[in-house]
1. Considering region 38-78 alone, what residues qualify as being free of Cβ contacts under 8 Å to residues at least 12 places away in the same chain and of a type in the set (D, E, K, R)?
2. If W52 meets every condition in (1) of a type outside the set (S, T, N, Q); (2) part of a loop (DSSP other than H, G, I, E, B); (3) surrounded by 11 or more Cβ atoms within 10 Å (Cβ to Cβ) apart from one, which number is that one?
3. Is it fair to say E55 is out of contact with any His (no Cβ under 8 Å at 6 or more places or on another chain) and among the acidic types (D, E)?
4. Counting only residues that are in a loop (DSSP other than H, G, I, E, B) and open to solvent by 100 Å² or more (accessible area, probe 1.4 Å), which one in region 65-111 is modelled with the lowest pLDDT?
5. Mind checking which residues of region 3-26 are of a type in the set (S, T, Y) and either touching a His at 6+ places or on another chain (Cβ under 7 Å) or surrounded by 16 or more Cβ atoms within 10 Å (Cβ to Cβ) (or both)?
Amino acid sequence: MDTKFFTQNARDVLLEVEVNPEQADKFEGDYFNATNIRPVAGPHYQQQPNKWGAEYRIYFNCDIDLTDEFENLKIHVEKAERLYREEWECRVNNKEFFWALIDVGYRLGKN
């Protein structure tokens with residue numbers, strides 16, 4: 001997946017994951033295989049028993065509109081009327097894009 005449009009324009013990027021505890025071992029193994037880092041539960045990686053699956057979130061700010069680039073990937077960008085957590089303008093919920101960013105060097109938490 002092409003992430004160049006994002007890596008060249010997005011700033012203040014934050015990656016978060018929430019998983020059902022039954023899927024935690026798989027996520028942790030996949031993350032370790034991709035990064036050689038074992039994810040630790042905390043504010044950016046949470047196990048949530050009320051989740052049916054996993055939520056992969058990418059928060060970011062950007063000075064230009066990337067909507068068309070995301071639409072080309074069939075990814076919806078949520079733009080906040082109020083900033084997410086008073087810091088981020090945009091959010092993407094997409095597992096494949098999350099892993100594509102991991103592949104190019106992004107990590108859980110602030111990047």
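1. Passing the criteria: R38, D65, D68, E71, K74.
2. (3)
3. Yes: the conditions hold for E55.
4. Once the filter is applied, the top-ranked residue is R85.
5. T3
The values are calculated or read from the model by the stated rules, or taken from the named source; none is laboratory data. Every value quoted in this text rests on a predicted model; they were computed, and no experiment measured them. Cβ atoms come from the backbone with ideal geometry, glycine included; neighbour counts cover every protein chain shown. With ligands, DNA and RNA removed, areas are computed over all heavy atoms of the protein, side chains included. Shrake-Rupley method; radii C 1.70, N 1.55, O 1.52, S 1.80 Å.
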